[in-house]
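Questions regarding the structure given below will be posed in turn.
Just so it is clear, none of the values below were taken in a lab; they were calculated from the coordinates. The structure displayed is predicted, hence computed values, not measured ones. Using ideal geometry, Cβ is built from the backbone for each residue, glycine included, and neighbour counts are taken over all protein chains shown.
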Amino acid sequence: MQNTFSLIRLLHFNGSSFYNAEVSVFEVNIRFIGGLLATYYLSGQEVFKMKAVQLAEKLLPAFNTPTGIPWAMVNLKSGVGRNWGWASAGSSILAEFGTLHMEFVHLTYLTGNPAYYQKVMHIRKLLAKMDRPNGLYPNYLNPRTGRWGQHHTSVGGLGDSFYEYLLKAWLMSDKTDTEARKTYDDAIEAIERHLIRKSNGGLTFIGEWKNGHLERKMGHLACFAGGMFALGADGSPDDKAGHYLQLGAEIAHTCHESYDRTVLKLGPEAFKFDSGLEAVAVRQNEKYYILRPEVIETYWYMWRFTHDPKYRQWGWEAAQAIDKYCRVSGGFSGVKDVYSSNPTYDDVQQSFFLAETLKYLYLLFSSDDLLPFESWVFNTEAHPLPVLHLGGRWVCCSAPPSA
């Protein structure tokens with residue numbers, strides 16, 4: 001551990017020594033800043049807080065847009081930002097600019113600098129003023145014009161963690177940020193009305209809304225939503241706690257089926273519910289597994305809330321399959337086809353395999369008093385951040401008090 005502290009001190013996140021390189025604002029926030037903040041809270045070592053703040057300061061120029069919606073990428077040295085070339089006419093992505101709140105609130109809490117909190121609250125206020133087709137949030141928003149891009153809504157890639165962070169903003173505030181909770185509830189109501197369906201075979205799935213049409217396909221990334229529904233069940237309006245816990249269980253079952261219907265017992269990147277096919281990938285470019293955590297994440301949340309032993313059984317099945325088919329001499333690798341009995345490796349160990357997949361497996365088989373939900377909220381990269389118990393002093397539109 002002391003070696004880790006020494007190495008962290010050698011990292012320089014300020015001054016002219018920064019590389020002239022672009023980074024993803026979203027990825028740096030959830031992986032690096034979230035990880036550094038979590039390590040600070042767990043270890044008490046000031047160096048991790050200091051490095052998180054230094055790095056966060058390098059992201060702030062990304063918010064210098066006409067609307068305050070940040071660019072997807074920023075140059076760490078020059079501060080110049082831009083968006084992905086493929087993203088709907090220069091748009092920013094909902095899951096990226098909508099997945100900053102937890103870390104930025106903690107940065108303000110720890111430093112007393114209101115800038116971080118103000119940046120994410122400005123995003124929330126802007127979204128609250130906008131019209132939403134069918135109550136749904138499109139995945140693309142132009143940071144220059146403040147208008148939606150392509151009307152594509154997804155609880156999987158491009159949209160997922162935006163909804164997660166609405167719920168977790170409420171939880172992290174010790175359930176005092178009621179604005180976040182109301183926004184989450186309204187969003188989930190629209191998702192349930194327009195995106196959630198039951199297949200002919202009785203499997204509940206979350207489709208994608210594209211220009212007024214529901215695509216009956218669910219991505220592995222969307223499987224996190226089972227855990228989200230369970231986590232948000234308590235506090236649901238109109239006494240719907242039981243309904244959302246059941247919905248979480250149904251999503252968990254569907255995602256387990258996507259694993260169980262493959263040769264390797266590992267889930268594909270996306271699976272269809274159409275033309276007689278259910279929970280099965282059709283296209284070759286959707287048959288891969290890259291060590292993703294979302295299904296195991298949902299198993300863990302469902303275990304915590306129900307203690308139904310099937311979730312540990314399902315998690316153990318996934319752990320065994322990962323060990324059997326993904327372990328290589330240098331670590332673990334993704335596989336290119338989960339329906340092949342002799343799969344080829346992609347030769348990549350994703351960082352989220354360590355941060356999320358293995359962590360959720362460990363927590364699934366640990367006791368509930370390890371990082372209990374009453375005290376900790378996990379960011380979207382599974383880095384635990386503490387609930388801020390501020391004695392009711394939290395208000396939605398002004399900076400919280402510093403530590």
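Is the shape of the chain best called rounded, prolate or oblate, per the rule: a/c under 1.5 gives rounded, else a/b larger than b/c gives prolate, else oblate, with a ≥ b ≥ c the square roots of the Cα gyration tensor eigenvalues? It would help to have the intermediate numbers written out before the result.
Details: a/c = 1.38, a/b = 1.24, b/c = 1.11.
Note, shape of the chain comes out rounded.
In addition: Counting other C-beta atoms within 10 Å, and keeping those with at most 13, which DSSP coil trypsin sites (Lys or Arg not before Pro) do you find in the range 252-322?
Details: sites: Arg261, Lys265, Lys272, Arg283, Lys287, Arg304, Lys310, Arg312; in loops: Arg261, Lys265, Arg283, Lys287.
Those that pass, being in a loop and sparsely packed, are Arg283.
Looking at Leu11, Thr65, Phe365, which one has the Cα that reaches farthest to the positive end of the dipole of the chain (charges on Cβ: Lys, Arg +1; Asp, Glu -1)?
Thr65
Right, next: Straight-line reach from Lys272: which lysines have a Cα under 25 Å away, not including same-chain ones fewer than 8 places off?
Lys198, Lys210, Lys217, Lys287, Lys310, Lys336
Okay, which of the range 163-182 sit inside 14 Å, backbone N to the point 7 Å along the Cα-Cβ direction of Asp368?
No residues fall inside that zone.
Let me make sure I get this right: for the range 237-379, a, b and c are the square roots of the gyration tensor eigenvalues over alpha carbons, sorted descending. Under 1.5 in a/c it's rounded, otherwise prolate if a/b > b/c, else oblate. Which is it?
Judged from the Cα gyration tensor, the range 237-379 comes out oblate (a/c at least 1.5, b/c at or above a/b).
What list of ³J(HN,Hα) couplings, whole Hz, do you get for the range 162-175 from phi and the Karplus terms 6.51, -1.76, 1.60, once you set θ to phi - 60° and write x for glycine and proline?
4, 5, 4, 6, 5, 4, 6, 4, 5, 5, 5, 7, 6, 6
On to the next question. Express in nm, to one decimal, how much length is gained between Ser329 and Leu390 on full extension, taking 0.36 nm for each residue of separation and deducting their alpha carbon distance. Spell out each step's value before the answer.
Details: separation 61, 0.36 × 61 = 21.96 nm, distance 4.83 nm.
Full-extension gain reported as 17.1 nm.
Need one word for the range 52-144: rounded, prolate or oblate. Basis is the Cα gyration tensor (sqrt eigenvalues a ≥ b ≥ c); a/c below 1.5 gives rounded, then a/b vs b/c decides. Before the final figure, lay out each step's value.
Working: a/c = 2.32, a/b = 1.31, b/c = 1.78.
Verdict is oblate for the range 52-144.
Sticking with this one: Under a point-charge model restricted to the Cβ atoms of Lys and Arg (+1) and Asp and Glu (-1), what is the dipole moment magnitude of the chain relative to its Cα centre, in debye to the nearest 20?
Values: 39 positive and 41 negative charges, 181 e Å.
Roughly 860 debye for the chain.
To continue, here is another question. Report, by chain and number, residues whose modeled amide H sits under 5 Å from the one on Asn113, excluding near sequence neighbours (fewer than 5 apart, same chain).
Here the answer is none, since no amide H 5 or more places off falls under 5 Å of that of Asn113.
Grab the beta carbon distance between Glu189 and Gln150, set R0 = 22 Å, and tell me the FRET efficiency rounded to 0.05. Present the calculation step by step, with values, prior to reporting the outcome.
Numbers: r = 23 Å, r/R0 = 1.04.
Plugging the Cβ-Cβ distance into 1/(1 + (r/R0)^6) gives 0.45.
What FRET efficiency, computed as 1/(1 + (r/R0)^6) with R0 = 35 Å and r the Cβ-Cβ distance, is obtained for Gln313 and Glu286, rounded to the nearest 0.05? If you can, show how the numbers build up before the last one.
On the way: r = 26 Å, r/R0 = 0.76.
Rounded to the nearest 0.05, the efficiency is 0.85.
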